[in-house]
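What follows is calculated from the coordinates using simple rules that are stated; it is not laboratory data. Because the structure is a prediction, the values reported are computed rather than measured. Methodologically, a virtual Cβ is constructed for each residue, glycine included, from the backbone with ideal geometry; neighbour enumeration extends over all protein chains shown.
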């Protein structure tokens with residue numbers, strides 16, 4: 001992001017892999033491959049106009065546009081993007097960075113757009129009042145297991161309480 005326009009041009013021309021063919025004649029006959037062409041892939045991110053991108057793709061794949069032309073378009077778009085970024089970056093000074101990095105207390109008040117859901121118990125719907133899910137009166141396997149376990153626990157508690165009462169009565 002700190003490259004000069006000339007460095008961008010040199011890097012694209014020198015290092016960007018091309019989807020073009022070996023010779024100009026073969027490229028014009030068979031067209032290029034945009035799926036592997038780095039310049040085209042860059043344009044997919046940096047070119048704002050989708051119609052223009054489609055026109056470039058069709059022209060390149062049909063052989064009407066050569067690799068050098070595609071790279072020239074890519075260089076132009078990247079130079080504009082990087083220049084705009086560098087311009088915005090130059091406006092950021094130490095005061096802005098310090099303001100951004102300053103510690104501030106977190107004031108979270110929840111999500112104001114979240115709907116408030118209040119459960120309502122409808123008369124005659126005993127399942128909803130008991131907290132059972134489903135509402136159709138049928139219990140799931142897990143719910144049945146929980147109920148059975150609760151019954152066993154209650155039975156044990158009742159048995160222990162009865163034994164304590166019997167011991168207290170025998171002692172008295």
**Message:** Contact order normalised by length for region 17-58, with contacts defined as Cα pairs under 8 Å and 6 or more residues apart; what percent is it?
**Reply:** 34
**Message:** 7 Å from Cα along Cα→Cβ at both residue 158 and residue 52: what's the point-to-point distance in nm?
**Reply:** 8.2
**Complete:** Taking Cα atoms only, helix 67-91 is inclined relative to the longest principal axis of the chain by an angle, in degrees rounded to 10, of 60
**Item:** Equivalent ellipsoid, region 5-100 (semi-axes from 5 times Cα gyration tensor eigenvalues, Å)
**Value:** 34, 14, 9
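Ignoring everything except DSSP H segments at least 4 long, calculate the 222 nm mean residue ellipticity for the chain; use -39,500 (n - 2.57) per segment, divide by total residues, nearest 500.
-20500 deg cm²/dmol
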**Message:** Which of 18, 23 has the fewest other C-beta atoms within 10 Å, and how do the rest follow up to the most?
**Reply:** 23, 18
**Complete:** Connecting every pair of Cα atoms under 10 Å apart in the chain and solving the GNM, the largest mean-square fluctuation among 99, 139, 47 falls on 139
**Message:** With a cut-off of 8 Å between alpha carbons and a minimum separation of six or more residues, what is the relative contact order of region 5-100 in percent?
**Reply:** 29
**Fill in**
Expected sort for 100, 46, 85 with the fewest Cβ neighbours (10 Å cutoff) up front is 100, 85, 46
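Kirkwood Rh over Cα pairs of the chain into Stokes-Einstein at 10 °C, 1.306 mPa s: D in µm²/s?
65
How much length, in nm to one decimal, is gained on full extension between residue 95 and residue 30, taken as 0.36 nm per residue of separation minus their Cα-Cα distance? Intermediate values should be presented prior to the final figure.
Working: separation 65, 0.36 × 65 = 23.40 nm, distance 5.62 nm.
In short, 17.8 nm is gained.
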